[in-house]
Structure formats: C-alpha cells, structure tokens
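**Q** What follows is a structure written as structure tokens; I'll ask about it next.
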Amino acid sequence: MSAREEILSRIRKAVGGAEDVEIPRGYRTERQVDDLVGLFAERVDDYRAIVHVVPSAEVPAVIDACVKDKRMVIPEGFGRDGGWDDLRTADGVLTNCAVAIAETGTIVLDHGPGQGTRAQTLVPDYHLCVVRADQIVPGVPEAVARLDPSRPLTWISGPSATSDIELNRVEGVHGPRTLEVVIST
C-alpha cells in the first residue's frame, strides 16, 4: 500500500459512519456598487499603477501622451497602427482587456483581439491598458461569469511585484514593472 492509499484509508476509517452534512453554497454572485469606475480606479491606484479616468473622446490623446517616444507592441485587433514587433527591444505594450474587477482592481486579459499574447503582455517593462467603463464589474463572480474558461486568462493586479524574505519590494520580476491604465468613461 502506498503512502497515499494509507492516508486515504485512515481518513475513510475515521469518518466511517458519520452522517452526511449538506454544505450550503450561498456564494455571493452579484454586488451593487454605486461607482464602479471610481472604485476600480482607487483599487488600481492602490497597487501603484498609474490611472487616468477620461471621457472616451479623450482616450486617443491620452494614449499618445503615454506612449510618446516609446516603442510599443500593439496587438492585432487593437485598432491602432504603428506597433513595434520585436519584444526584445520593445519599451511596452498597449492593450485592451476582457473585463476589469472594481473590488480587487484586477484587469483580466483573455488574449482576444487587441489584448495580445501572454508574451506580449509579460515581456515588455511597461503595460498600457485601456479599460472601457462597461467592462468594469463589481467582483470576481461577475468577472468569471463574463469570461470563457476555454481561453487563456491573465489576471493583472498592478505592476509585477514580489518581496524577498526581508520584505523588500522588487518590481518587474514576473512582468511589467509599470502598469498604466486608461479608463474610458
């Protein structure tokens, strides 16, 4: 008998004869938030991202200002020409998102049109993401309901950061060191 089988056997013996208990599954699936854009912007800012909340008509000008003098990867389907195609020398990436979560300040990419590949969003040191107000949902359950589980998902909560044993924060180890978010209202 393997160690695994022995442990499972002990568990079965210990709970043998116990009556079945129904476990309530009353998970929260919807939440009302008065200001989704404001909450999302606040939470993204808490993660040390740079946040711009602008009317949709101003988004192109804000993007131009953010990417001025940068070699940007612009994924197919973003709707903007002039992207850089060499990840080794790119300064950053410009993407859309699939959904954004107000409660957690998380951006989710499903790598559909305008969102690029995982490499395109993780290799450059700078990520500029455009989020439409109608893509922001209150919480994780609402986000999961909008996502296709068969697609590759990248969940981004701020710039890439980690801490060593002495709690010294190091940014840019596992992805872009700088995250800038343009919220289109």
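The values are calculated or read from the model by the stated rules, or taken from the named source; none is laboratory data. Since we're looking at a predicted model, the values are computed, not measured. Neighbour counts run over all protein chains shown; Cβ positions are idealised from the backbone, glycine included. The protein model used for the area step is the full one, side chains on, heavy atoms only, and it has no ligands, DNA or RNA in it. Shrake-Rupley method; radii C 1.70, N 1.55, O 1.52, S 1.80 Å.
**Q** Treating only the Cβ of Lys, Arg, Asp and Glu as charged (+1, +1, -1, -1), what charge dipole size does the stretch 1-79 show about its Cα centre? Round to the nearest 20 debye. Mind dumping the intermediate values first?
**A** Values: 12 positive and 15 negative charges, 96 e Å.
That gives the stretch 1-79 a dipole magnitude of about 460 debye.
**Q** Once phi is turned into θ = phi - 60°, what whole-Hz ³J(HN,Hα) does the Karplus curve with 6.51, -1.76 and 1.60 give for every residue of the stretch 4-14, x standing for Gly and Pro?
**A** Each residue of the stretch 4-14 in turn: 4, 4, 5, 5, 4, 5, 5, 5, 4, 5, 5 Hz.
**Q** Now for a separate question. Once phi is turned into θ = phi - 60°, what whole-Hz ³J(HN,Hα) does the Karplus curve with 6.51, -1.76 and 1.60 give for every residue of the stretch 133-145, x standing for Gly and Pro?
**A** Per residue, the Karplus-derived 3J(HN,Hα) values read 4, 6, 8, 8, 10, x, x, 4, x, 5, 5, 4, 5 Hz.
**Q** Under a 5 Å amide H to amide H cut-off, with H placed in plane at 1.01 Å, what residues pair with residue 136 once short-range neighbours are removed?
**A** 100
**Q** List every residue whose amide H lies under 5 Å from the amide H of residue 131, counting only residues 5 or more places away in sequence or on a different chain, with H placed 1.01 Å from N in the peptide plane.
**A** 182, 183, 184
**Q** Between residue 50 and residue 68, with labels modelled 7 Å along Cα→Cβ, what's the label distance in nm to one decimal, could you check?
**A** Distance between the two pseudo-spin positions: 1.1 nm.
**Q** Through the Karplus equation 6.51 cos²θ - 1.76 cosθ + 1.60, θ set to phi - 60°, convert the phi angles of the stretch 106-120 into ³J(HN,Hα) values in whole Hz; use x for Gly and Pro.
**A** 9, 9, 10, 9, 10, 6, x, x, x, 10, x, 8, 4, 4, 4
**Q** Here's a follow-up. Round to the nearest 10 and report in Å² the accessible area of residue 162, as given by a 1.4 Å probe over the protein chains' heavy atoms.
**A** Its heavy atoms expose roughly 50 Å² to the probe.
**Q** I'd like the antiparallel share, as a percent to the nearest 5, of DSSP beta bridges with both residues in the stretch 37-160.
**A** Details: 6 of 13 bridges.
Here the antiparallel bridges make up roughly 45 percent for the stretch 37-160.
**Q** Take the alpha carbon atoms of the stretch 164-183, find their center, do the same for the stretch 122-148, and report the distance between the two centers in whole angstrom.
**A** 18 Å
**Q** Name the long-range amide H neighbours of residue 114: under 5 Å, sequence gap of 5 or more, or other chain; modelled H, no Pro or chain starts.
**A** 76, 77, 78
**Q** Another question, then. On the full set of protein chains, 1.4 Å probe, figure out the accessible area of residue 21 and give it in Å² to the nearest 10.
**A** 110 Å²
**Q** Something else now. Can you compute the equivalent ellipsoid semi-axes for the stretch 109-167, i.e. the square root of 5 times each eigenvalue of the Cα gyration tensor, sorted largest first and rounded to whole Å? Intermediate results must be reported in sequence, preceding the final value.
**A** Details: eigenvalues 104, 53, 31 Å².
Semi-axis lengths for the stretch 109-167 are 23, 16, 12 Å.
**Q** Report which label in (i) 28, 23, 18; (ii) 36, 19, 12; (iii) 38, 22, 16 holds the value of semi-axes √(5λ) of the Cα gyration tensor in Å derived from the coordinates of this structure.
**A** For semi-axes √(5λ) of the Cα gyration tensor in Å, the calculated option is (iii).
**Q** DSSP loop GluC sites (Glu not before Pro) in the stretch 1-65 with at most 11 other Cβ atoms within 10 Å of their Cβ, which ones? Let's see the in-between values first.
**A** Numbers: sites: 5, 6, 19, 22, 30, 42, 58; in loops: 19, 22, 30.
Taking the stretch 1-65 and a limit of 11 other Cβ atoms within 10 Å, the loop GluC sites (Glu not before Pro) found are 19, 22, 30.
**Q** Could you work out how far apart the two model spin labels at residue 4 and residue 144 are, taking each label as a point 7 Å from the Cα in the direction of the beta carbon, and quote it in nm?
**A** 2.5 nm
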